[in-house]
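So the structure is just underneath, and the comments pick up after that.
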Amino acid sequence: MNTLDTVFDLLSDERRRYVLYYLHEQSGPVSVDKLAETIRTWEDDPPTQNVLEGVDALKVELQHRHLPKTAEVEFVQYQPEQGVIQVEGTSPEIDALVTIARVIEQPEDS
């Protein structure tokens with residue numbers, strides 16, 4: 001069971017919020033590569049010509065720090081050997097928290 005403290009702990013870190021925002025939009029598993037590219041794009045402020053710069057370092061940080069932490073909640077399934085992650089079976093309350101956080105933060109507009 002996910003406690004509110006656990007969910008707020010995930011939401012307390014910008015990169016983990018970005019992981020949840022992106023996964024919340026997807027209907028199935030996504031590759032860690034695509035996730036890292038999307039997060040890098042959202043973090044790229046001001047925009048640069050080469051968004052892919054820094055994606056490899058971000059991917060390593062996601063794989064070793066953020067994705068295992070995110071997968072501690074029951075609605076996130078992370079399969080490091082396949083390099084995929086997905087959200088499945090979130091409660092309406094969790095959906096509402098992630099949606100509200102994303103509306104406030106608006107990462108694609110960063």
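FYI, it's all coordinate maths here, none of it is from the lab. On a predicted model such as this, the values are computed, not experimentally measured, just so you know. We place every Cβ from the backbone using ideal geometry, glycine too, and count neighbours over all the protein chains shown.
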>> Could you check segment 53-63 and list, in sequence order, the residues that are surrounded by 14 or more Cβ atoms within 10 Å (Cβ to Cβ) and assigned to a loop (DSSP other than H, G, I, E, B)?
In response: 54
> Can you tell me which residues in segment 1-43 are buried (at least 16 other Cβ atoms within 10 Å of the Cβ), in contact (Cβ under 8 Å) with a residue 60 or more places away in the chain and not in a helix (DSSP H, G or I)?
Replying inline: 2
>> For segment 64-96, give me each residue that is farther than 19 Å from residue 39 by Cα and part of a helix (DSSP H, G or I).
In response: 92, 93, 94, 95, 96
